[in-house]
Structures are given as C-alpha cells and as structure tokens.
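Novice: Once you've had a glance at the structure underneath, I'll fire off some questions.
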Amino acid sequence: MNPLPPVQLVEALHWRYATQKFDPAKKIPDKTWRALEEALVLTPSSIGLQPWKFIVVTNSELKARLKPAAWNQSQVADCSHFVVFTVRKDLGTDHVDRHLERMVEVRGVTRESLTKYGQMAVKNLEKARAEGRLDTWQTHQVYIALGSFMTAAALLRVDTCPMEGFQPPQFDEILELNATGYASVVACAAGYRQADDKHAGSKKVRFAHDEIIVRR
C-alpha cells in the first residue's frame, strides 16, 4: 500500500473545522460510514484494553431527544451520524479476560501464553484503582478515539464537530447506559456542512509552528 502524500494529510486538516451548521438533508454514504466505524474499532488504547463503546445515533427521534441535553445545539439533530463516546467505568479483571479471549481468537495463540500479559494488565488496573485514577485513566483513552475519528473523517471529506457541551447523566439515561457499566464522556457530530456556515472559510488561528514545536 502506497503511503498517503503528506500534502494530502495537511490539506485535509486545514479543510477540517468544528462544523457549526450541518445540512440535515445530506447523509454519509454507507461505504464511507463503514470506513469511519472501522477507524473507531482500530483506535489504539493503553494495554490494548479498548475501554469503550461508541454509540452511533442516526435515528432522528433519538437525536431530537438528545438535543435538549446538549444545550439545544443544532449539530446534534442536524448531523448525519451522532457518535457518543462512552467509557467502561471501574474496569476490572472481567474486561481483561474478555480481551485475552479475543487475542486467542484473533491471533490463534494459547491462553497460557498470555498469562504474564494478563497479570501485567490486571496489575496496572489495580494500581490505578488504588491511586483513585482508574476511571480518569480510561477516560483519557476515549480522546484518542475521538482524534482518530476526526482525522479519518477529514481525509474522507466528512465534516465533524467534537462536543463536550452536554449533560452526561441525561445522555446516559436517554441512551439507557446506566445499567451497562458505560458512561458518556464526549460526543462528535458527523455529516456535511451547510453551504452558508460562515465558519467554514475562517482561517485557522494557531500559534506559530516554531512556538509550539520543540526539537531536542
């Protein structure tokens, strides 16, 4: 597979912006969306534990119910696909066991060969739990997925808008997450921009390259 030309990546990132107005009539094609879902699935995570679920909302009635819990931001209802990034709270050995079984299934290795890896994973979780930072650690992983998703979308010329401006307890209730062990952290609207979104043509304001890139 040939590498992506560097200029194409940079152009896509310049094209991307936090879309304020989505065209509700434009839907992401199934083939494109399947690729974006695969980008989510392939997101790297600490120890490979993937402490998340991605709730993809396309039902217009459900998006309408979520909108008031996001301070009535229009992106929630007008986008093609609304993704809620959730984290598995109080991650434990059961999740590690599931991951080990999946490794056996995918790689064709024995469970015994993964003993030391499994012990290391559990030790890390328990250390984080004892220090009171387990949920915080896992929550940080979700933002890796968000960044990966937004970059992939930009390369496919799909607009996105990351959103922390919502009330997680209400999202959890509406999406029936409370009994699942997962909780909403951040969301991202995806679709296609309205032609009259004034923010689309705004130049990106970033600190100078030499000010924020430090080489040693």
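Novice: Checking HIS81 against (1) closer than 26 Å to VAL186 by Cβ; (2) of a type outside the set (Ser, Thr, Tyr); (3) surrounded by fewer than 20 Cβ atoms within 10 Å (Cβ to Cβ), which single condition isn't satisfied?
Specialist: If we test HIS81 against (1) closer than 26 Å to VAL186 by Cβ; (2) of a type outside the set (Ser, Thr, Tyr); (3) surrounded by fewer than 20 Cβ atoms within 10 Å (Cβ to Cβ), just (3) comes out false.
Novice: When the residues of the stretch 139-159 are filtered to those that are of a type in the set (S, T, N, Q) and touching a helix residue (DSSP H, G or I) at 6+ places or on another chain (Cβ under 8 Å), which remaining residue is farthest from PRO6 (Cα to Cα)?
Specialist: Within the stretch 139-159, the subset of a type in the set (S, T, N, Q) is 139, 141, 148, 151.
Remaining after also requiring touching a helix residue (DSSP H, G or I) at 6+ places or on another chain (Cβ under 8 Å): 141, 148, 151.
On the way: GLN141: 26, SER148: 17, THR151: 14 Å.
Step by step, filter the stretch 139-159, then rank; the result is GLN141.
Novice: What number of residues in the stretch 58-83 are touching a Lys or Arg at 6+ places or on another chain (Cβ under 6 Å) and free of Cβ contacts under 8 Å to residues at least 60 places away in the same chain?
Specialist: First pass over the stretch 58-83, keeping only residues touching a Lys or Arg at 6+ places or on another chain (Cβ under 6 Å): 76-77, 80, 82.
Retained after the next criterion (residues that are free of Cβ contacts under 8 Å to residues at least 60 places away in the same chain): 77.
The total comes to 1.
Novice: Within the stretch 173-185, does at least one residue satisfy the condition of being surrounded by fewer than 16 Cβ atoms within 10 Å (Cβ to Cβ) and assigned to a helix (DSSP H, G or I)? I'd like the intermediate steps shown before the answer.
Specialist: Taking the stretch 173-185 first, the residues surrounded by fewer than 16 Cβ atoms within 10 Å (Cβ to Cβ) are 173, 176, 178-180.
Imposing the further condition that a residue be assigned to a helix (DSSP H, G or I) reduces the set to 173.
Yes - at least one qualifying residue is present in the stretch 173-185.
Any read-out appearing in this document is the output of simple, stated calculations on the displayed coordinates, not a laboratory observation. No experiment lies behind these values; they were computed from the predicted model shown. Positions of Cβ are backbone-derived with ideal geometry, glycine not excepted, and every protein chain shown enters the neighbour counts.
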